[in-house]
């Protein structure tokens with residue numbers, strides 16, 4: 001019974017957006033909000049992160065974006081806040097509800113837990129439209145740091161950045 005319910009729910013979720021023609025057009029603006037969090041089993045060590053992105057389509061496929069990332073690490077005795085501001089250019093492949101994209105980013109990372117430095121790298125992602133204006137977005141970025149991180153072990157080399165969020169276009 002549970003298996004049938006899961007299959008029917010998935011089929012319905014996949015069929016609902018089938019009527020949407022979600023191709024981007026020149027002049028579209030896109031806002032995306034992504035977030036994540038982790039905690040240890042005692043909730044003594046917590047990490048929260050959010051990314052806001054505002055993009056504009058210069059053609060039907062080329063998008064320029066400004067992004068702001070903020071992460072807060074709450075340890076038993078201290079709170080560490082880090083941020084990154086970046087610009088990105090992406091090429092979008094409009095396949096109705098599925099819109100994969102590939103591009104590059106350039107930004108600056110700063111905060112209490114990192115050495116302030118510039119970064120650049122490639123990115124790839126996928127948007128799935130739930131209707132004509134709302135989508136789910138997954139993105140993976142790679143950041144090469146211009147100066148190596150010396151103060152912390154987490155980012156002593158380069159890093160991957162993953163995001164999953166919800167977006168709208170108008």
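The values are calculated or read from the model by the stated rules, or taken from the named source; none is laboratory data. Just so you know, these numbers come straight off a predicted model, no measurement behind them. All Cβ positions, glycine included, derive from the backbone under ideal geometry; neighbour counts span all protein chains shown.
A few points about this structure:
- Which listed residue is touching a strand residue (DSSP E or B) at 6+ places or on another chain (Cβ under 9 Å), modelled with pLDDT of 95 or more and within 17 Å of residue 166 (Cβ to Cβ), from 55, 37: 55
- Residue 73 falls short of the stated requirement of being closer than 28 Å to residue 102 by Cα and surrounded by 12 or more Cβ atoms within 10 Å (Cβ to Cβ).
- Test for residue 155: is it assigned to a loop (DSSP other than H, G, I, E, B), within 20 Å of the chain's Cα centre (by Cα) and modelled with pLDDT under 90: yes
- Exclusive hit being at pLDDT 95 or above, in a strand (DSSP E or B) and buried (at least 20 other Cβ atoms within 10 Å of the Cβ), set 101, 128: 101
- Residue list for the range 65-119, restricted to those being in contact (Cβ under 8 Å) with a residue 60 or more places away in the chain and at positive phi: 96
- Residue satisfying all of: in the range 24-59; under 21 Å from residue 136 (Cβ atoms) and over 17 Å from the mean Cα position of the chain (by Cα); surrounded by the most Cβ atoms within 10 Å (Cβ to Cβ) among these: 24
- Scan of the range 58-82 for residues that are touching a strand residue (DSSP E or B) at 6+ places or on another chain (Cβ under 9 Å), part of a loop (DSSP other than H, G, I, E, B) and more than 20 Å from residue 32 (Cα to Cα), ordered by number: 75
- The listed residues are 140, 168, and the only one of them that is in a strand (DSSP E or B), more than 19 Å from residue 36 (Cβ to Cβ) and out of contact with any helix residue (DSSP H, G or I) (no Cβ under 8 Å at 6 or more places or on another chain) turns out to be 168.
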